[in-house]
């Protein structure tokens with residue numbers, strides 16, 4: 001794998017077109033914190049497979065368009081070249097591109113919104129990143145969430161929108177009794193993989209497996225934390241009595257997967273304290289998912305990855321050090 005990466009890197013340096021492709025692939029990989037073109041390639045393969053299997057090929061097209069537009073917007077707005085090359089201005093765009101064709105019919109209005117939304121997500125990304133820089137916290141997928149929420153809410157006010165997949169606005173009602181239980185091994189395996197694939201709003205086991213392979217190609221710990229995050233989310237949701245269909249479809253797992261990867265391997269080096277912290281963050285994400293499901297039900301819009309954004313911000317803002325005292329950098333006053 002190392003030789004392939006080195007050979008690819010050499011070709012990228014000598015070809016502007018390959019450099020552009022490499023940047024876009026890294027943007028896809030950055031959805032799960034991976035600065036890796038190989039990871040991004042597996043992610044796109046998973047998106048295309050899932051979109052084809054579910055009969056919604058427009059989602060795959062939207063993913064590519066959103067990824068390209070978000071990255072191009074960063075170039076036009078003068079974002080730091082290093083951030084652009086790492087794909088940090090493409091991952092929100094690709095999520096916007098996956099989301100809008102999922103919720104709207106594929107017509108001219110939808111594709112216009114994909115382009116505008118992907119561009120707007122980059123503007124929000126740059127603004128939020130500058131604001132959060134003081135606290136050493138990144139924007140995560142917040143720009144994708146805010147952009148998509150604005151468009152989804154606007155769809156209830158304009159006749160040109162063709163809503164096909166939004167939940168019907170309803171007042172929240174507490175279930176009479178717990179409706180979910182820990183599933184059998186086969187159902188658990190399917191739900192675990194769907195939990196990973198739902199990061200890109202696709203509920204497909206093969207897609208989830210391709211995502212895990214892509215993560216492993218970039219970082220084996222990231223792949224392990226992604227899988228474990230989905231399992232922990234299923235156990236937490238089942239224990240709390242979540243809707244069985246939602247758990248089986250991966251709808252309680254995808255934000256938890258991102259939290260587990262972020263806290264477990266992306267922002268901290270794995271050790272026993274980091275694992276415990278990531279576990280607590282993952283459980284919190286599932287609870288936040290349930291809370292936001294209730295809060296947004298009257299509006300008729302989904303939570304998207306906002307439970308993860310809240311958990312990541314809250315668990316990273318304390319700037320906790322998980323390394324031994326002797327290995328820490330000295331403070332400026334030392």
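Most exposed first by the Cβ proxy, i.e. fewest other Cβ within 10 Å, how do 252, 156 rank? Could the numbers behind the result be given before it?
Details: 252 29, 156 13.
The most exposed by this proxy come first: 156, 252.
Please arrange 22, 35 by counting, for each residue, the other beta carbons lying within 10 Å of its beta carbon, fewest first.
On the way: 22 22, 35 16.
Final ranking by Cβ density, sparse to dense: 35, 22.
How high is the relative contact order of the chain? Use alpha-carbon pairs under 8 Å, at least six apart in sequence, and give a whole percent. Walk me through the numbers on the way to the answer.
On the way: 577 pairs, mean separation 54.7, N = 334.
Answer for the chain is 16 percent.
Using 0.36 nm per residue of separation minus the Cα-Cα distance, give me the extension gain between residue 273 and residue 287 in nm, one decimal. Walk me through the numbers on the way to the answer.
On the way: separation 14, 0.36 × 14 = 5.04 nm, distance 2.15 nm.
Length difference between fully extended and current span is 2.9 nm.
Would you please classify the overall shape of the chain from the alpha carbon gyration tensor, given that a ≥ b ≥ c denote the square roots of the eigenvalues, rounded means a/c under 1.5, and beyond that prolate means a/b larger than b/c while oblate covers the rest?
Values: a/c = 1.39, a/b = 1.08, b/c = 1.29.
Rounded.
Classify region 171-322: rounded, prolate or oblate, from the alpha-carbon gyration tensor (a ≥ b ≥ c, eigenvalue square roots; a/c under 1.5 rounded; otherwise prolate if a/b is larger than b/c)? Let's see the in-between values first.
On the way: a/c = 1.72, a/b = 1.27, b/c = 1.36.
Note, shape of region 171-322 comes out oblate.
Pick from 209, 263, 185: which is most flexible by mean-square fluctuation in a GNM of the chain where alpha carbon atoms under 10 Å apart are linked?
185
For region 179-238 and region 279-318, what is the centre-to-centre distance using only Cα atoms, to the nearest Å?
Result: 18 Å between the Cα centres.
In terms of the Cα gyration tensor, with a ≥ b ≥ c the square roots of its eigenvalues, is region 115-235 rounded because a/c is under 1.5, prolate because a/b exceeds b/c, or oblate? Could the numbers behind the result be given before it?
On the way: a/c = 1.87, a/b = 1.19, b/c = 1.57.
The shape class here is oblate.
If you rank 273, 85 by fewest surrounding Cβ atoms within 10 Å, what's the result? Don't skip to the end; give the middle numbers.
Numbers: 273 13, 85 17.
With the sparsest Cβ surroundings first, the list reads 273, 85.
Values quoted throughout were computed directly from the atomic coordinates according to the rules given, and no laboratory measurement underlies them. Computed from a prediction, not measured in an experiment: that's the story for all the values here. Cβ atoms come from the backbone with ideal geometry, glycine included; neighbour counts cover every protein chain shown.
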